Amino acid sequence: MAAAEAVADLKVEGDVAILTLNSPPVNALSQPVRAGILEGVRAAVANPAVKSVVLICEGRTFIAGADITEFGKPPREPGLKEAQDAIENSPKPVVAAIHGTALGGGLEVALCCHYRVAVPSAKCGLPEVNLGLLPGAGGTQRLPRIVGAAKALEMMTSGQHVGAAQCLEMGLVDEIVPEGELRAGAIALARRIVAENRPLKKVRESDEKMIAARGKPEIFAEFRKANARKFRGFLAPEYNIRCVEAAVNLPFDEGMKVERQLFMELMSGTQSAAQRYVFFAERQVWKIPDVPEDTPLVPVRKVGMIGAGTMGGGIAMNFANVGIPVTLVETRQDALDRGLSVIRRNYETTAKRGRLTMADVDKRMSLLTGSLSLESLADCDLIIEAVFENMALKKEVFAKLDKIAKPGAVLATNTSALDVNEIATAVSRPEAVVGMHFFSPANVMRLLEVVRGEKTSKSVLATAMQIGKKIGKIGAVSGVCPGFIGNRILRARSLQAQAMLNEGAMPWDIDKVLYDFGLPMGPFAMSDLAGLDIGWSRETSRGATVREVLCEMDRRGQKTGGGFYDYDEQRNARPSPVTEKIVREFAARAGNAPREISEQEILERCVYPMINEGARILEEKIALRASDIDIVWINGYGWPVYRGGPMFYGDTVGLAHVVERLNAYAPKLGPEFVLSPLLQRLAAEGKRLQDVK
Ligand code: 3H9
């Protein structure tokens, strides 16, 4: 553990003391940093030659917040408050010099300084909400005092990082100095403050920005209402709002008490534990133990896309968005024209919402070239195939590509379930083949499953991950198995949802339980949205499942006005008497007397088999770690982040409990269900999935 003097350096230049923090990677407020600030400020105050103090950071950023790795551990002195008080109560002006990001506790430290100066690229924010928390070092009481209640609510509940120019406008920083001149600019400001005898501005003492919202609960009620959908299920946004209400209506010290109490409550709860776990999981997911960080990458300057349908078009947009040209290949001119015009329409819709200019739309469209021949992909560095999910067809395409693609090109398949190893047998260079499984809509969904075949080279794997990062995805490595990580777990859930239908549960009962759990929708609403006829054909349909019967009746989901649910013109769903009758018939035919299936049983039978399947995926080494599985389900399937993913959830409820319940349901779980030996072992040993190395 670094000592305070190793991370904080105090130098006196003339009459200005410069306290420089240097605690890589992000100058988080670990114990030595807190001690360094406290000791540094005290020494500066005690030095009669010093008239003002500058607080500045080395490295890539100003303080990026509290040290998250310390959370949940016993507190170590000095506390952050002590360091902040030393700054705020200093009789000599303290100037915060901000570059990179002043986030969370970092901004809260800066808010205790009397003045703040930043470079144009700097950003400020209170992102605690994304960790299931609220700013717990006075930020909830100080930020509204500077920017007013409305902006504070926005910043604190979104966690957004606000650019320096906007910070200047809001009064969050006092001055902007040119890039590269932060130190000199901050010293100059400190000297000016002294020379002009400017006051020691204490944010806690200002009040005028709060008056407008004081005694007006309707402002907060409206804010809650407007964001109800976004905040659904989360505790932290509501607690942040309550703190701003306290800031507006109570004296500073009283508001601080509210902040402290609500902060401690969130910090000790499971939501924040889950969100902190996800924070580290999102960073961990990029690390592949046997692929070193300096693995040579294939430079991707041009992309080829085979298939310009919904999937291919969506994938192509990702690359155009970051300036990489894409050649899209289709078999027919009309399909190509349709694909390109759908892309244009998507961009134009974004432009209409003000999130792109028409010039941007034209620029992105100019990066997309249509073609009817695979030969036009000869100069592409990465080629992604998104044709129909049919092994023979995919192998045919890859065999052709093998003859066309330049040496060193990455050959990717967007298959969602097929065997990537078998696809790779179609080429003479299987090391170039990798799965890049995008999720629909591919230009929106954040998840990218990168499927590592037996022969995929490290360089190709690293390239697929890196390009995924470049286009704003979160990449998770999966080994080869049917459905990979995400869809394999989805299948485990679907089997149980289907089984419960046959026992007489209604689709909307099952969906409601999963929606209330925090998922965006349940399995039947999802089927209706995607189309019940995916993978269905009239020729092979035997009326063997509720879905097959619905498809045979041309109830194929939202697009036909009915599926499991009935839909009105605005696509609002309501329970369908037609479906209800079919479900009852199936249950009767299966010899199941109608029974009320409890919400608890629905939840456990949907979710615990997912945890079990995740454990199997882990023991088969299809996933590198439990947290990667959680990343897949959070980013590809809308698993609520405040529950940390199915694996984290299993750890939270306890694996022994999960195994006990799965054993209790065993007779109903069906022939495909296999209890994971790993899960059983961990349960018996009192261990967690997230500890499996
Ligand atoms: C808080 O402040 C609470 C207070 O209100 C109350 C206190 C009483 N702690 O993201 P990167 C690690 S809550 C510990 O890849 P970038 C990170 O894990 C905090 N570690 O870099 C990674 O480690 P590794 C509020 C941290 O350049 C490495 O640093 N603040 C912390 O893409 C590099 O991170 C936040 O929520 C931390 N606070 O992005 C800000 N932050 O290399 C959280 C990072 O071993 N941080 N690490 O994988 C960020 O948003 C980004 O890290 C940042 C840099 C934008 C700063």
Just list whichever of K123/K287; K394/K455; K11/K92; K470/K621; K400/K470 have alpha carbons separated by over 21 Å in the model shown.
K123/K287; K470/K621; K400/K470
Of all DSSP beta bridges in segment 349-485, antiparallel share, percent nearest 5
25 percent
Pairs of alpha-carbon atoms within less than 8 angstrom and 6+ residues apart define the contacts here; what relative contact order does the chain have, in percent?
8 percent
Rg over Rh of segment 303-484, using C-alpha atoms and the Kirkwood radius, what does it come to?
0.95
Please report the orientation-averaged projected area of segment 284-358, defined via the convex hull of its C-alpha atoms, in nm².
7.3 nm²
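Stokes-Einstein at 37 °C, 0.692 mPa s, Kirkwood radius from Cα pairs: D for segment 2-261 in µm² s⁻¹? Walk me through the intermediate numbers first.
Values: Rh = 18.3 Å.
In µm²/s, the coefficient rounds to 179.
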Descending packing, highest mean Cβ count within 10 Å first, for 183-195, 665-677 is 183-195, 665-677
Give the percent of DSSP beta bridges with both residues in the chain that are antiparallel, rounded to the nearest 5.
30 percent
Which net charge results when you count Lys and Arg as +1 and Asp and Glu as -1 among the other residues whose beta-carbon is under 12 Å from that of S428?
+1
Can you pull out the trypsin sites (Lys or Arg not before Pro) in segment 557-623 whose DSSP state is coil and whose Cβ has at most 14 other Cβ atoms within 10 Å?
R571, R595, K621
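Under the rule of -39500 (n - 2.57) per DSSP H run of 4 or more residues, summed and divided by the residues of the chain, what mean residue ellipticity at 222 nm is obtained, to the nearest 500 deg cm²/dmol?
Value at 222 nm, helices only, nearest 500: -14500 deg cm²/dmol.
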Under Karplus coefficients 6.51, -1.76 and 1.60, residue-wise ³J(HN,Hα) of segment 521-537 in Hz, glycine/proline x:
6, x, x, 7, 4, 5, 4, 4, 5, 6, x, 5, 8, 5, x, 10, 9
Which lysines have a Cα lying under 28 Å from the Cα of K216, excluding residues fewer than 8 positions away in the same chain?
K151, K201, K202, K225, K230, K257
So for the chain, what are the equivalent ellipsoid semi-axes in whole Å, largest first, each being the square root of 5 times an eigenvalue of the Cα gyration tensor?
49, 32, 25
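If you take the alpha carbon radius of gyration of segment 152-251 and divide it by 2.2 N^0.38 Å, what ratio comes out, to two decimals? Could you put the intermediate results ahead of the total?
Values: Rg = 17.7 Å, N = 100, 2.2 N^0.38 = 12.7 Å.
Taking the Cα Rg and dividing by 2.2 N^0.38 Å, one obtains 1.40.
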Order of W286, W508 from fewest to most other C-beta atoms within 10 Å?
W286, W508
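Sum up the charges of everything whose Cβ sits under 14 Å from the Cβ of S268, counting Lys and Arg as +1 and Asp and Glu as -1, but leave S268 out.
+2
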Mind checking which aspartates and glutamates have their C-alpha under 12 Å from K687, skipping anything on the same chain fewer than 8 residues away?
D651
Take the Cα atoms of segment 85-159, find their three principal axes, and give me the spread along each one in whole Å, biggest first.
35, 26, 21
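Which order results if K693, K473 are arranged by neighbouring Cβ count within 10 Å, fewest first?
Listed from fewest to most nearby Cβ atoms, that is K693, K473.
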Per residue, what volume in Å³ does the convex hull of the Cα atoms of segment 568-693 enclose?
146 Å³
Listed highest first by mean packing, meaning other Cβ atoms within 10 Å per residue, what order do 420-427, 608-615 come in?
608-615, 420-427
Of V26, M465, A186, which is farthest along the charge dipole of the chain in the positive direction, counting Lys and Arg as +1 and Asp and Glu as -1 at C-beta?
A186
Whole-Hz ³J(HN,Hα) for each residue in segment 221-228, computed from phi via Karplus 6.51 cos²θ - 1.76 cosθ + 1.60 with θ = phi - 60°, x for glycine and proline: what do you get?
4, 5, 4, 4, 5, 4, 10, 3
Per-residue ³J(HN,Hα) for segment 51-64, Karplus 6.51 cos²θ - 1.76 cosθ + 1.60, θ = phi - 60°, Hz, x for Gly and Pro
10, 8, 10, 10, 9, 9, 10, 8, x, 6, 7, 5, 3, 8
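Where a number appears in this text, it was derived from the coordinates with a stated rule and is not lab data. Here the structure is a predicted model, which is why all the values come from computation and not from measurement. As a convention, Cβ positions derive from the backbone with ideal geometry for all residues, glycine included, and neighbour counts pool all protein chains shown.
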